[in-house]
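Read the structure below first, then the notes.
Bear in mind these aren't lab numbers, they're just calculated from the coordinates by the rules spelled out. No experiment lies behind these values; they were computed from the predicted model shown. All Cβ positions, glycine included, derive from the backbone under ideal geometry; neighbour counts span all protein chains shown.
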Amino acid sequence: MTAIAGVAKPRQTKIVQTMLDTMFYRGNAGSGLLENDAVTAGLTWSRPQAKDQELLRQNHLIRDFAGTSHFSLAYPREKGFFLKRDPLGIAPLYYGHTSDGTLVFASEVKALLPLTRKISELPPGSSYENGKIHAYFKVELQAPLPEPVEAIALHLRELLIESVQRCINGNEMGSWLSGGLDSSVLAAIANTMVSSLHTFTAGLADSPDVLAARVVAGHLHSKHHAMIVTPQDLVAILPEVIYHLESFDALLVRSSMTNYLVAKLASDFVPEVLSGEGGDELFGGYEYLKGIPVTDLPAELVDIINRLHNTALQRVDRSASAHGSVAHVRFLDPDVVDLALRIPAKYKINHGEEKWILREAMKGMLPESILHRKKAKFWEGAGVTSHLSEYADSVISDQDFKTRSNLPNGWTLNSKEEFLYYQIFKEHFGEFEDLDWMGRTKGAPIQRF
């Protein structure tokens, strides 16, 4: 991953460099600063590339990880500048104003905190110019395809292959691997394109994901790496996970634990990995979706796709960037998303089987036992849930939870586990009167007092 940062004033290079230094882990291969009469901006990158220097020479900053699907952009004009974020919010971008009204922006909230505590997230598919936000893209309902299911499955398979191919730059690639359908699909596709595929998983010794990933890796003959952790390991890394994640949302923190560990493991072997994020949202992978009428499913999927930017995609971005690596979310390639939005709902959840069309598309590339493995929540598959909840119960008293669960912005913490995460979050970042920049996982109620 990389970082951008800036101040809407000239001659602010020292401040901008300090902002970049705060996010040093996002890009240690190089950095650059530039300014005009309206802005001082900077960029770091995580691997040496000639095009990074060329972009600076062209007087603009951009990071594009996969075609046109993944970027945050700061573009100084002759008499001004604008900010722009990718359509789905794969790359993060925040902004705020200092006490004198000066705009500041950065890839992470922590880089803004010395300058302002009034922070907003630039929405996905939006640009910021002259004090105004303009939406240039929005995920919306699409008319369903009339083609037969066989043609749709074939087209989906072809687009996924093209999507993965776009991020392959040599004969070696990495893939986070839970053993579930989404990560297995991308690993299987990449395996046909490189001579050396590394797969990575993390979890407790007897967790379903660790065992299932081993089976998939064996089928692919990948160079498989597994990190076996203990409950004590999970507790020990909570402060650093929450520091990088910039969230205390219980479901998000919980799902980030093994993601953070597997990213750390992968960074020792490869600079780039594939992540299966997005498959559940595009193809109806969550258990609760089976209870939704098929006529309502498309709208629900659009809703959870639009929530990805500051929940699941934030987890992927922060886990990878914390260790200086790049995670490619190839299910969210624009062409794949466009097709997925037009696939009839009856092909996504078919006779109670989630992601049915994706399984059809991958027939022959993965064995039936892998194609039809029952889905587990990310944190449950890794064996995380009960240990974190039990630890929180052991260190947070009933009295503290009862009397200190209301936050300054009006939210109420939903569990002792979330209370614990908030205490760690507050130690890192302090309290906020406004937390609208922080996402909440679908299903995590936002209570107000």
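Side notes on the structure shown:
- Bridgeable aspartates and glutamates around K84 (alpha carbons under 16 Å apart, same-chain partners fewer than 8 residues away excluded): D64, E108, E121, E129.
- Residue of E272, E172, E281 that the Gaussian network model of the chain assigns the largest fluctuation, springs spanning Cα pairs under 10 Å: E172
- Once the Cα gyration tensor of the stretch 121-187 is diagonalised, semi-axes √(5λ) in Å: 31, 22, 12
- Pairs from the table (K223/K264; K138/K374; K110/K223; K264/K348; K118/K138) lying more than 28 angstrom apart at Cα are K138/K374; K110/K223; K264/K348.
- Part-to-part distance (alpha-carbon centres) for the stretch 153-179 and the stretch 80-140, which is given in Å: 31 Å
- Enclosed volume per residue, in Å³, of the convex hull spanned by Cα atoms of the chain: 142 Å³
- Reciprocal mean inverse distance between Cα atoms of the stretch 251-291 - Kirkwood radius, Å: 12.2 Å
- Burial ordering of E360, E162, fewest other beta-carbon atoms within 10 Å first: E162, E360
- Ranked from largest, the principal axis spans of the Cα set of the stretch 249-406 equal 50, 42, 30 Å.
- ³J(HN,Hα) computed for each position of the stretch 224-241 - Karplus, 6.51 cos²θ - 1.76 cosθ + 1.60, integer Hz, glycine/proline x: 8, 10, 10, 9, 8, 10, 10, x, 5, 4, 5, 5, 5, 8, 3, x, 6, 4
- Overall Cα dimensions of the stretch 200-240, principal axis frame, Å, largest first: 36, 18, 9
- Under the combined filter of DSSP loop state and at most 15 neighbouring Cβ atoms within 10 Å, the stretch 102-142 retains these trypsin sites (Lys or Arg not before Pro): R117, K118, K138.
- Set of lysines with alpha-carbon distance to K416 below 21 Å, sequence-local pairs under 8 removed: K377, K402, K426, K442
- By the helix-only formula, in which each DSSP H run with n ≥ 4 contributes -39500 (n - 2.57) and the sum is divided by residues, the chain has a 222 nm mean residue ellipticity of -11000 deg cm²/dmol.
- Dimensions of the stretch 322-361 along the principal axes, based on C-alpha atoms and rounded to the nearest Å, stand at 42, 20, 15, largest first.
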